[in-house]
Amino acid sequence: MSFAPSDVLRRVFGFESFMGRQEEIIDHVVNGGEALVLMPTGGGKSLCYQIPALCKGGMGVVISPLIALMRDQVEALKQLGVRAAALNSALESGEAGRIIDQIKAGKLDLLYVAPERLLMDGTLGLLEQCRISLFAIDEAHCVSQWGHDFRPEYLQLSVLSERFPKVPRIALTATADVPTRNEIIKKLKLENGRVFISSFDRPNIRYHVLPKNKPREQLLRFLKKDHAEDSGIVYCLSRARVEEIAEWLSQQGFDALPYHAGLATGVRSRNQDRFIKDEGVIVVATIAFGMGIDKPNVRFVVHMDMPKSIEAYYQETGRAGRDGLPSDSLLLYGNEDVAKLRSMIEDGEANEQRKQLERRKLDALAGYCSSSRCRRQTLLEYFGEVLSEPCGNCDSCLYPVDTFDGTVAAQKALSCVYRTGQRFGTVHLTDVLVGADTERVRQFGHDKLPTYGVGKEFTRSQWRDIFRQLVAHGILITDMEGHGGLRFGSEDVSRSVLRGEKKVTLREDMTFALKREVKEKRAKHSDGSKVKQVLDNAEDENVFQSLRALRLRIAKEQNVPPYVIFHDTTLMAIAQKRPRTLQEMGGISGIGVAKLERYGEVFLKAIAA
Ligand code: ADP
Ligand code: ZN
């Protein structure tokens, strides 16, 4: 039997309409086409293979690299009344046998399987005897050696095209760049497939970037202002800092847990579990955390330290707001971070070519941080997309920074760099500019230079900031071969600034950082929590809170994450519409036939109360 995709969307998932390019992709796959799907996190990739599998009859096989992810997806599907199971190394004995029986009996709609398990001869042989509707290769960037989570087993997945030439394959990833994309097509032999690229914009995420200045206070202010009861992730660069910040947040009354590779496995999985299965938990983590977590209502992601590239930053911030509700990202950055990351690159094992690339990536991120342009425009441009208008939902758009004409300051700085031989770092250059009497200045005779003491209108920390911005603009670059001294960037640019042909606009940044935060605090657009932003009256919010408590109780009874019962979006819609009958309830987005049957009555009762 076969069903129409839009029927499945409505009946099973309870959604009224497709999102983005879902419909196109699903039609293509239902008609036997192969595809590579590039969609940002939260774009709705799962439906692109789940619906075709349900429409076509037979069993859809989903290859997924992470056991935790599989478990959640299977749980969510079961809640929808879909016959799903996962085969992986984490199964208890006997369970694998039971699933294999179900496969043989044709009783599964969707089978999730880890690549190493799939590639075992027994599994491939078993599948050859079944009716398979499609293979979905999730997290397909794992096939790329260039990317960040290379999985050697993924390379062998090309065997699927040989052993199952008639079964269509669809590969999916949220990694956007062109080299990775081409590698996926080549390694998975998808040359005959269509490539579907969606915009990588995440319009519901609001980006904030602040110069680091008493970071704990900045974090606390951010949490208190918008995220008092929310779940979120706080990233730090080191394990020690993870522990320290988690401890401190707990003292401040937040439900905060640490997560890093140095913790015992038991502690780690317990903390991750709490994050997924409870409400309002904050995880403080190194970047190891987040991969394979599907939690849709992560309301904020904070970077206490700089990530190492825009790709990493975008991927990590992308873990916020999968459900499409308003979410925040906050990045705190400072010169020290950039210096630390730089020395990590220099001391690393990588070859020179790779190091060069890493330096460029770091420079791009540093430039992003100190730019006064719309954050989203800068980010999307980095990924090759054009956003013609500023977004209106980032700090640069909401609280434009004050800038000043820094041409003269830049000229003084450049001239100082030039006359001291393009080999000194910020500290010494600043000494010369403010006319300090240090041993080094005397040793090199720099007190005799015409630039000596010409920069007294700025303080040392302002000069440090000006130098940082000049580096971010590419007017000066840090010489990595020498001792990290500054030299001219592209000759054209630096010289035209010196000659007064090019104006330099600088932002009143570091030194004025607090002013900016005060401005943010005064801005009226938000108060308390993100839920309040969506539900704008107290009564709806009360109903939402009690529905949330009910959902948590049900989830605990079943030992599943609350969001597999209902998503926050669905819960909010219930709170606003307050349905009185099952029929009214069934009309709400995210409530399909199975969920209505299971939870309709309980939730109706709760609303009536
Ligand atoms: P991805 O795997 O691309 O990160 P998901 O498949 O997890 O994204 O979907 C992201 C969110 O969007 C989920 O909360 C999902 O339930 C929701 N969603 C997906 N498709 C639709 C749709 N057509 N209508 C409403 N919500 C949808
Ligand atoms: Zn913007």
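Can you pull out the strands (runs of 3 or more DSSP E) entirely within the range 234-307 that have at least 3 residues that are over 30 Å from D363 (Cβ atoms)?
Passing ranges, in order: 256-259.
For the range 325-371, which residues satisfy the criterion of being outside any helix (DSSP H, G or I) and surrounded by 18 or more Cβ atoms within 10 Å (Cβ to Cβ)?
Matches in the range 325-371: L325, P326, S327, D328, S329, L330, L331, L332, Y333, G334, S371.
What single numbered condition from (1) surrounded by 21 or more Cβ atoms within 10 Å (Cβ to Cβ); (2) farther than 22 Å from L325 by Cβ; (3) basic (K, R) fails to hold for K605?
The failed condition is (1).
For L380, all conditions in the list (1) in the same structural domain as L476 (by TED's automatic domain parsing); (2) closer than 30 Å to T180 by Cα; (3) of a type outside the set (S, T, Y) hold save one; what is the number of the exception?
(1)
I'm trying to understand the selection: among the residues of the range 428-468, which are of a type in the set (A, V, I, L, M, F, W, C) and closer than 22 Å to V504 by Cα?
Start the filter on the range 428-468 by keeping residues that are of a type in the set (A, V, I, L, M, F, W, C), which leaves 429, 432-434, 436, 441, 444, 449, 454, 458, 463, 466-467.
Answer for the range 428-468, where residues must be of a type in the set (A, V, I, L, M, F, W, C) and closer than 22 Å to V504 by Cα: L429, V432, L433, V434, V454, F458, W463, I466, F467.
Enumerate the pairs (first residue in the range 230-249 and among the charged types (D, E, K, R); second residue anywhere and outside any loop (DSSP other than H, G, I, E, B) and surrounded by fewer than 21 Cβ atoms within 10 Å (Cβ to Cβ)) with beta-carbon separation below 7 Å, excluding pairs fewer than 6 apart on the same chain, so at least 6 apart or on different chains.
Once the first residue is among the charged types (D, E, K, R) and sits in the range 230-249, its partners that are outside any loop (DSSP other than H, G, I, E, B) and surrounded by fewer than 21 Cβ atoms within 10 Å (Cβ to Cβ) give D230/S529.
Name the single residue that is nearest to ligand 2 (Cβ to nearest atom) among those in the range 1-11 being assigned to a loop (DSSP other than H, G, I, E, B) and not hydroxyl-bearing (S, T, Y).
Going through the qualifying residues, I end up with A4.
Among the listed residues L124, L91, L80, which satisfies the condition of being within 23 Å of G32 (Cα to Cα) and over 24 Å from the mean Cα position of the chain (by Cα)?
Details: L91 fails: within 23 Å of G32 (Cα to Cα); L80 fails: within 23 Å of G32 (Cα to Cα).
Step by step, each of L124, L91, L80 is checked, and only L124 is within 23 Å of G32 (Cα to Cα) and over 24 Å from the mean Cα position of the chain (by Cα).
From T438, T451, T459, which residue is of a type in the set (S, T, N, Q) and within 21 Å of G489 (Cβ to Cβ)?
Testing whether each residue is of a type in the set (S, T, N, Q) and within 21 Å of G489 (Cβ to Cβ) leaves just T451.
Could you give me the residue pairs with C-beta distances under 9 Å whose first residue belongs to the range 291-319 and is outside the structural domain of Y333 (by TED's automatic domain parsing), whose second residue is buried (at least 23 other Cβ atoms within 10 Å of the Cβ) and part of a loop (DSSP other than H, G, I, E, B) wherever it lies, and which are 6+ apart or on separate chains?
Filtered contacts from the range 291-319: no entries.
Residues in the range 373-397 that are surrounded by fewer than 18 Cβ atoms within 10 Å (Cβ to Cβ) and either in contact with a helix residue (DSSP H, G or I) (Cβ under 6 Å, 6 or more places away or on another chain) or of a type outside the set (V, I, T) (or both): how many?
Count: 11.
Quick one: is L172 on the phi < 0 side of the Ramachandran plot, touching an Asp or Glu at 6+ places or on another chain (Cβ under 6 Å) and crowded, with 18+ Cβ neighbours inside 10 Å? I'd like the intermediate steps shown before the answer.
Working: on the phi < 0 side of the Ramachandran plot: yes; touching an Asp or Glu at 6+ places or on another chain (Cβ under 6 Å): yes; crowded, with 18+ Cβ neighbours inside 10 Å: yes.
When the stated conditions are applied, L172 passes them.
Quickly run through the range 370-391 and pick out the residues that are over 24 Å from L38 (Cβ atoms) and out of contact with any Lys or Arg (no Cβ under 7 Å at 6 or more places or on another chain).
Scanning the range 370-391 gives S371, R373, P390.
Going through the range 372-398 one residue at a time, which ones are among the hydrophobic types (A, V, I, L, M, F, W, C), outside any helix (DSSP H, G or I) and within 17 Å of the chain's Cα centre (by Cα)? Give the derivation first.
Residues of the range 372-398 that are among the hydrophobic types (A, V, I, L, M, F, W, C), as a first pass: 374, 379-380, 383, 386-387, 391, 394, 397-398.
Applying the additional criterion that residues be outside any helix (DSSP H, G or I) yields 374, 383, 386-387, 391, 394.
Passing the criteria: F383, C394.
Please specify each residue of the range 590-609 satisfying the condition of being touching a helix residue (DSSP H, G or I) at 6+ places or on another chain (Cβ under 7 Å) and part of a loop (DSSP other than H, G, I, E, B).
Result: G590, I591, G592.
Are any residues in the range 422-437 within 21 Å of R468 (Cβ to Cβ) and out of contact with any Lys or Arg (no Cβ under 9 Å at 6 or more places or on another chain), and if so, which ones?
Matches in the range 422-437: G425, L429.
Of the residues that make up the range 524-546, is at least one closer than 26 Å to M19 by Cα, in a loop (DSSP other than H, G, I, E, B) and at pLDDT 90 or above?
The answer is no; no qualifying residue exists.
What residue, of Q22, Q73, Q102, is surrounded by fewer than 23 Cβ atoms within 10 Å (Cβ to Cβ), in contact with a helix residue (DSSP H, G or I) (Cβ under 9 Å, 6 or more places away or on another chain) and of a type outside the set (D, E)?
Q73
If the requirement is being under 30 Å from G384 (Cα atoms) and more than 13 Å from ligand 1 (Cβ to nearest atom), which of these qualifies: G33, G20, G57?
One residue alone meets the criteria, G33.
Just checking, does the range 80-95 include any residue being buried (at least 16 other Cβ atoms within 10 Å of the Cβ), in contact with a Gly (Cβ under 7 Å, 6 or more places away or on another chain) and not assigned by TED's automatic domain parsing to the domain that holds R268?
Within the range 80-95, one or more residues are buried (at least 16 other Cβ atoms within 10 Å of the Cβ), in contact with a Gly (Cβ under 7 Å, 6 or more places away or on another chain) and not assigned by TED's automatic domain parsing to the domain that holds R268.
Taking only the range 551-589 into account, find how many residues are in a helix (DSSP H, G or I) and farther than 21 Å from D273 by Cβ.
14
Return the pairs, sorted by first residue and then second, in which the second residue is part of a strand (DSSP E or B) and near ligand 1 (Cβ under 8 Å from one of its atoms), the first residue lies in the range 34-51 and is within 15 Å of P5 (Cα to Cα), the beta carbons are less than 9 Å apart, and the residues are 6+ apart or on different chains.
That search, which allows pairs on different chains as well, returns K45/L172; S46/L172; C48/L172; Y49/L172.
Within the range 184-217, how many residues are crowded, with 19+ Cβ neighbours inside 10 Å and of a type in the set (A, V, I, L, M)?
Summing the residues that are crowded, with 19+ Cβ neighbours inside 10 Å and of a type in the set (A, V, I, L, M) in the range 184-217 gives 6.
The values are calculated or read from the model by the stated rules, or taken from the named source; none is laboratory data. Everything numeric here is computed off the predicted structure, so don't read it as measured data. No Cβ is skipped: glycine too gets one built from the backbone with ideal geometry, and neighbour counts run over all protein chains shown.
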